[in-house]
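Undergrad: Quick one: this structure, given as structure tokens, is what I'll be asking you about.
The values are calculated or read from the model by the stated rules, or taken from the named source; none is laboratory data. This structure is a prediction, so every number in the text was calculated from the model and none was measured. Every residue, glycine among them, receives a Cβ derived from its backbone with ideal geometry; neighbour counts consider all protein chains shown. For the accessible areas, the whole protein counts, side chains as well, though only heavy atoms, and no ligand, DNA or RNA atoms are used. Shrake-Rupley method; radii C 1.70, N 1.55, O 1.52, S 1.80 Å.
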Amino acid sequence: MESFDADGGEVSCLFNIPYDDGSRNWAWQKITSPSCLVNWTWMDDGNYPVEVTVIDEERDEQKATMLVSIGNRHPQIGIMSARNEAKVEHPITLYAFANDSDSEEVWPGVVDVHWPDALCKEGYYTRVCTTTAPTEGWHTFTAVATDDDYETTAATFDIRFTNIAPHSASIALQKNNQFIQSDEQQIWQLDEDESIVVKGQALDSIDDLEGLTHTWWPDGQQPSLMYSFSGRTSTFPMQWDTAGLHTIRLEVSDSDGEASLVEERWINIRNVPPVIEPLVSLLPIAEGQSITIEGNSTDTQSDIESLVKCWDIDPGIDSDDLGGADDDCDIKGDILEYAWNRSGTHTIIYHVTDDDGAQSSEVLVIEVLNMPPIVRLKNIDCIAYRDCVLSAEQTIDSLNDLEGLTIVWDLDITVDSNGDGIKDNDADLVGSTVIHRFLKAGTVRVKAMAWDENPERPGQSTMVVEVAPPERTTIEEFGAALIGDEANPLAQIGLLLLTLILLALITRRKKANPDDEAWQQGGLEGEDLSEQVFEKQSLVDEAQSRRPKAPPSNQMFTTTFDVPQETTLSEPEEDTEPIATSVEPVIESEGLPLPEGGLPEGWTQEQWSHYGHQYTEAQSSHP
């Protein structure tokens, strides 16, 4: 602004300058300048009316207003960093330096800095920004400075991010789309052959995620088992068929060959014991009756082929000396075909063991009823006075009872030999095979009775023995008609009469005169024809030859013969018990008077009682 006085002379000026004092109201500053010049700086932009008063030498005044327009200055900003290269996802720190020369505040003034394209750890408005990049390559970071007049200035900084290896590999197990939680030791608990889904993933730069390679070793007990998958994640079904601890490992690598650390987790596989269906109860069975019982069991698929299925027939005995008494493997398999030969209550156990030693069992009680022996006899033919073999060897019973069978024989069911009033229960002989001599010809009904440990239920059967007459000579037949069980009373009476007649004739002959010539004559009337017979020399010689030269054998007077009682045909080497075979005693003759000289030499009193009359006849027939 130029001022002057038209009258000539010097002029001076008074400046009244407005400014912003920070109170949102203007303040005025008056400045006198003789030269009408003044320097003033406004700290804020805007339009300021400056009042100027010009005064000359005559003190004349002239006022004028000058409008001063002040423009705003942009802030200044710069970015610095300690390095211009970093790995992807690794942090890097950027520093922003900014100021505003026309700020109302002291240096560096009021300047706000923000980072529009960076995720700063410190926040959005900050002069220090710690950030990173998710992908490989060059990345530009921008900082914007804003002053108090909302004027902005931007600055940029370029950083190169390099490849990183995959990291943070993780393994998870899922079942029915639900994650399976591990225990406090970070171990998963699964059952044998339980099917699950294994899931794995790892972190990497975004541009590498889809090209990751997942390498799996799902079972540490099978080093050769390995799976490989590509992609952001990998999943596959898995099950373990052996009990115990198993390891599962995962390694993830990217397209640049960088690999993550191997992630390893533990899985404990619990063995599943076999499952047995309950055994079907059975009705009581008979001794020796064979039964068939089927056991049904199952297990996990991997254990079915290795299951050991057994039947313990007698849980009270440890037959294999392994484990306990109730885990013996007497019969292998699901099917039991067995027969008990002894009555009573029998317990059997069906047990199944898998390859890990886990065992399940079912118990079944069998009631076995005692059955009486079945006696089998066969009709036979025998001859009187000869050994007759009676056999019950074909008797049927359980194997355990056969050896202990008691077999008794009633040799004639029509005779009550023990006097108990019952004819067909006599125990005349004992044994499975016995020998007996029948003394009479005819048909005899013989009964065999057998019992095992239960004598109240014996088995019995009857056989017919056809006893043929004994094979004898004429003399033996004649003797049998006179003595023994087959003696004929008529023959005995006839023998007695003949004996009396002979005695009478002998007595009469002794009383007759020895000089009587009647013995020398033949064919005279009145002579006894019996005496005439003895006059023939041939008859005399024949009678003389019949004269006993020695006493009869003592065996003729034995009333009891010792014969074997029982003979087992099938086992001839074993000793048999003797049995007594009764023979009817010989009927003794009436007592005869002893000769004048006493008993003949070599004779006993018993011999003389039986055969003395024959000796007397022989002596009297030859004077």
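Undergrad: Based on alpha-carbon centroids, what's the gap between the stretch 154-168 and the stretch 592-606 in Å, whole number please?
TA: 155 Å
Undergrad: I'd like the accessible area for His613, computed on protein heavy atoms only with a 1.4 Å probe and all protein chains in place. Round to 10 Å², please.
TA: Accessible area of His613: about 40 Å².
Undergrad: Pairs to check: Lys30/Lys63; Lys175/Lys309; Lys121/Lys199. Give those whose C-alpha atoms are more than 21 Å from each other in this structure.
TA: The answer is Lys175/Lys309; Lys121/Lys199.
Undergrad: Would you mind getting the accessible area per residue of the stretch 33-185, heavy atoms of the protein chains only, 1.4 Å probe, in Å²?
TA: 61 Å²
Undergrad: Between Tyr48, Ala82, Gln62, whose Cα lies farthest towards the positive end of the dipole of the stretch 3-99 when Lys and Arg beta carbons carry +1 and Asp and Glu beta carbons carry -1, centred on the Cα centre?
TA: Ala82
Undergrad: Put Phe229, Phe179 in order of accessible area, largest first, 1.4 Å probe: what do you get?
TA: Descending order: Phe179, Phe229.
Undergrad: How large, in percent, is the carbon and sulfur part of the accessible surface of the stretch 112-203 at a probe radius of 1.4 Å?
TA: Ligands and nucleic acids excluded, carbon and sulfur reach 48 percent.
Undergrad: Something else: Send over a whole-number figure in Å² for the accessible area per residue of the stretch 188-269, probe 1.4 Å.
TA: Result: 48 Å² of accessible area for each residue.
Undergrad: With every protein chain in place, what's the accessible area of Phe157 (1.4 Å probe, Å², nearest 10)?
TA: Counting only protein heavy atoms, Phe157 exposes about 40 Å² to solvent.
Undergrad: What figure, in Å² to the nearest 10, do you get for the accessible area of Glu51 with a 1.4 Å probe and non-protein molecules left out?
TA: Roughly 80 Å² of Glu51 is accessible to a 1.4 Å probe.
Undergrad: Once you have the Kirkwood Rh of the stretch 362-444 from its Cα pairs, apply Stokes-Einstein at 20 °C and 1.002 mPa s and quote D in µm²/s.
TA: 141 µm²/s
Undergrad: Could you give the nm distance between label points at Ser281 and Glu362, where each point is 7 Å from its Cα heading toward the beta carbon?
TA: Using points 7 Å along Cα→Cβ, the separation is 1.4 nm.
Undergrad: Leaving out ligands, DNA and RNA, and with a 1.4 Å probe, what % of the accessible surface on the stretch 1-98 is carbon or sulfur?
TA: Answer for the stretch 1-98: carbon and sulfur cover 48 percent of the accessible area.
Undergrad: Where only protein heavy atoms count, and the probe is 1.4 Å, what is the accessible area per residue for the stretch 278-408 in Å²?
TA: In whole numbers, the stretch 278-408 has 54 Å² accessible per residue.
Undergrad: Summarise the accessible area of the stretch 350-442 (1.4 Å probe, protein heavy atoms) by the percent that is carbon and sulfur.
TA: 50 percent
Undergrad: Could you grab the Rg to Rh ratio for the stretch 141-235? Cα atoms only, Kirkwood for Rh.
TA: Ratio of gyration radius to Kirkwood radius for the stretch 141-235: 1.29.
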